[in-house]
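The values are calculated or read from the model by the stated rules, or taken from the named source; none is laboratory data. In this text, all values refer to a predicted model and were calculated from it rather than measured experimentally. For neighbour counting, all protein chains shown are included, and Cβ atoms are generated from backbone atoms with ideal geometry for every residue, glycine included.
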Amino acid sequence: MSILMDIGQATRDGDQNQAAELVRKALEEGVEVERIIEEAFLPAMAQVGQEFADGVRYIPEMLLAARAMQSGMEVLRPRLAGGKLKAKARVVLGTVAGDLHDIGKNLVAMMMEGAGVEVIDLGIDVPPDRFVEAVKTHQPDFVAMSALLTTTMPAMQETIEALEEAGLRQRVKVLIGGAPVSQKFAVQIGADGYGANANDAVRLIKKTVA
Amino acid sequence: MEMSSRERVLAALSLEEPDRVPQIELNIDLDFGIALLGADKFDARQEAQSALQEGNPFNLEEAIRVSEALSLDNLFYIIRQPVYAQIHQGKDGRFYPGDGKIKTEADLAMIDLPDPYRDEMYAEAEAFAKGKGDRALIFLTRAGLAPAMLSMGIASFALALYDNPKLVEKVLDIYFDWMAVVAGRIAQLDFDAFATADDFAFNKGLMFAPRFFRDLALPRFKRVMDQVKLPWIYHSDGNLSEALDIFVEMGVDAVHPLEKEAMDIRAVKRDYGDRLCIVGNVDLNLLGAGTPEEVDQEVKELIRDLGPGGGYIVCSGNSLPGYLKPDCVLAMSTAVRKYGAYPINVA
């Protein structure tokens, strides 16, 4: 359907006005909300994520695409409340205690939302007990932790231990990422997965919920 | 014949072979100096680390003491401009910028840089230049790209490249024009090299497409560096592969640190060693969590692979923050002396 392709193109082009306008038009033409999301936005953002991973799309163009999708989603939002659409998964996300880097985490959040995942972003410098609280409050499927400093990596293990102490560890899958982090470290601390980049993070989630 | 430290560093920066591989650091935290030598050896310039207006961590005497203890071939001197961002202090004691405060044209009025024409601003730099002894004195600053990005916030800067490029250019001009004056004054003092730390890359690549760097940053860097007839060391973390040709074009003489997680330093030496001096890249993870034996092996292999032909300087993979292990950092220095004599003879 050509209007869905146009919405996808506007998203990839980072044209927020066009994306919103085309979504309005699509709704007027009777296109279902689910199709707009599943057939226009999600494939567009998947392609955007791949292009970023391949090094042909950079941070500005990522942000523009995410913003275009968000503009389109704002038009859809009134139709979403109470609707049939369910997020593919729910993720609690944050940079660990002592770590203040956020742009990587923010890109992961955008890519996850672009993939139809509900993201609760706790922000930066999140101590273990705030992750635990968030798991109790939001009952997510995943806890995703980011660290950019070697010195703050131990906080990832502390958070896993805090989840165990609270009896919550088995209820969530724990994913970790960030420049100094590795698959080996993930295994060492008992995390369920490691993502080398935002695309990886989304792939891990899709694989787990599939 | 043995060279002075300055001669050694300048030879390497000129892509020549000195008497041995030089070793430098562009920045050392006061906390690391204290860990290395004890708090009683410093007059604790806490204000130097405050509010991202990081000045110089050491006075001249302390700087010499630290370089002496680490057998470095250089001293460094920092003048850095204020950045208009939220400030957070990390667990490691360093200050990090949060979101930028400069979002609109009206916010430009917030930017109030110190008067670069004031002589007092350069008094200590002059003292360093006069008291440097045999070591190479390296000036460290941010030329203008980094303060602009941090003051706008990286995400806002990124979007403004498309939404409001005029605002981006105004912020860049404020910072680069200030630095052009500072550079002109520093050029009148007896510094040996000029290092600019304007990070614009992350692990996988540049933060924005090379064309933005070429169009917006390159002409402004030239405005600054045309004031300075010293070897130019460009510092940025991350994967700079797409920027190296631009660096050569701009007149950069050396690239630092070629961060291990992000770049293959050996490939850069192979492909650019005839045009760029390579400075780096002993991993901070190793210096902070490894053993002296592992550091020794790492430096040995770096010297073996990068030393021959000259144009290589040993350095940490960024700087020396407070959490590094002194014995590992000292092992780096010991290894340079063990393996670094030319002609390089390391198996």
Exercise. With the condition kept exactly as written, say whether any residue in the range B:168-176 is in a loop (DSSP other than H, G, I, E, B) and among the acidic types (Asp, Glu).
Key: no
Exercise. Of the numbered conditions (1) surrounded by fewer than 18 Cβ atoms within 10 Å (Cβ to Cβ); (2) in contact (Cβ under 8 Å) with a residue 40 or more places away in the chain, B:Arg214 fails exactly one; give the number of that condition.
Key: (2)
Quiz item: Quick one: would you say A:Lys105 is part of a loop (DSSP other than H, G, I, E, B) and either at pLDDT below 90 or within 14 Å of chain B (Cβ to nearest Cβ) (or both)?
Solution: no
Exercise. Scan A:Gly55, A:Gly30, A:Gly49, A:Gly94 and give me the residue that is surrounded by fewer than 20 Cβ atoms within 10 Å (Cβ to Cβ), within 23 Å of A:Gly177 (Cβ to Cβ) and out of contact with any Pro (no Cβ under 9 Å at 6 or more places or on another chain).
Key: A:Gly55
Quiz item: If you check B:Gly238 against the conditions, is it away from every other protein chain (no Cβ under 14 Å) and within 27 Å of B:Glu169 (Cβ to Cβ)?
Solution: no
Exercise. Could you check, for the range B:9-30, whether at least one of its residues is out of contact with any strand residue (DSSP E or B) (no Cβ under 7 Å at 6 or more places or on another chain), closer than 30 Å to B:Leu167 by Cα and either modelled with pLDDT of 95 or more or of a type in the set (Val, Ile, Thr) (or both)?
Key: no
Quiz item: If a residue has to be closer than 24 Å to B:Lys166 by Cα and in a helix (DSSP H, G or I) to count, how many in the range B:105-127 make the cut?
Solution: 6
Quiz item: Taking B:Phe208, is it within 29 Å of A:Gly49 (Cα to Cα), within 14 Å of chain A (Cβ to nearest Cβ) and touching a Pro at 6+ places or on another chain (Cβ under 6 Å)?
Solution: yes
Quiz item: When you go through B:Arg270, B:Arg275 one by one, which is the residue that is charged (D, E, K, R) and free of Cβ contacts under 8 Å to residues at least 12 places away in the same chain?
Solution: B:Arg270
Quiz item: What pairs can you find where one residue is in the range A:32-57 and in a helix (DSSP H, G or I), the other is of a type in the set (Ser, Thr, Tyr), and their Cβ atoms are less than 8 Å apart, with a gap of 6+ or different chains?
Solution: A:Ala40/A:Thr11; A:Phe41/A:Thr11; A:Ala44/A:Thr11; A:Met45/A:Thr11; A:Val48/A:Thr11; A:Phe52/A:Tyr58
Practice problem: Select from the range B:32-56 the residues that are more than 13 Å from B:Phe128 (Cα to Cα) and within 18 Å of the chain's Cα centre (by Cα) and write down the one among them that is modelled with the lowest pLDDT. | Solution: B:Leu52
